[in-house]
Every structure is written in C-alpha cells, then in structure tokens.
Amino acid sequence: MSGALDGRRIAVAGAGGGLGPHVVCALAAHGAWVAAGDRSIETIEPLADVAGDVRAVDLSTPEGAQAWAG
C-alpha cells in the first residue's frame, strides 16, 4: 500500500509535546520518513518505533539547529 507521502522526508520539531506525537504518527502512517526532535529524549523515545530518527535537540541555538541538520 502506498501513502500520499511516500519518499518524503519530514522533520518535526517539538515532536514530544502537544500535538507533536500525533503529527509524527500521522505523517509516518502516510508513508513519510520522519525525523522527530525535542529538547528531551524522554518525551520522544516512545516515537522511536514510528519515526525514522528520534533525537534530543535544542533548536534555540544555531549550534543546535546545525547539529540536527547534520
């Protein structure tokens, strides 16, 4: 079964709180490879089975943003 987002790579910042986990799950369910980031690894660890990449990242600094970008 192909999804509407097959082959797409999508980054979700703030993936551990509010609507973040739902967004990650919905994107993945539609075929996207999702990079999930949040300040706390504990909040996003449960998404490890759904997201292609899960990591703690602080996007409030240029260094944090650069580290997440690779």
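The values are calculated or read from the model by the stated rules, or taken from the named source; none is laboratory data. Please read these numbers as outputs of a predicted model, since none were measured by experiment. Neighbour counts run over all protein chains shown; Cβ positions are idealised from the backbone, glycine included. Each accessible area value is taken on the protein alone, full model and side chains, heavy atoms only, with ligands, DNA and RNA left out. Shrake-Rupley method; radii C 1.70, N 1.55, O 1.52, S 1.80 Å.
Considering only protein heavy atoms and a probe of 1.4 Å, how much of the accessible area of the chain is carbon and sulfur, as a whole percent? Spell out each step's value before the answer.
On the way: 2420 of 4380 Å².
Reported share for carbon and sulfur atoms: 55 percent.
So how compact is the chain: Cα radius of gyration and Dmax in angstrom?
In Å, with Rg to one decimal and Dmax whole: 11.8, 40.
Lys and Arg at +1, Asp and Glu at -1: add these up for the other residues within a Cβ distance under 12 Å of Trp33 and post the number.
Neighbour charge sum, excluding Trp33 itself: 0.
Taking a probe of 1.4 Å, how large is the accessible area per residue of the chain, in Å²?
Per-residue value: 63 Å².
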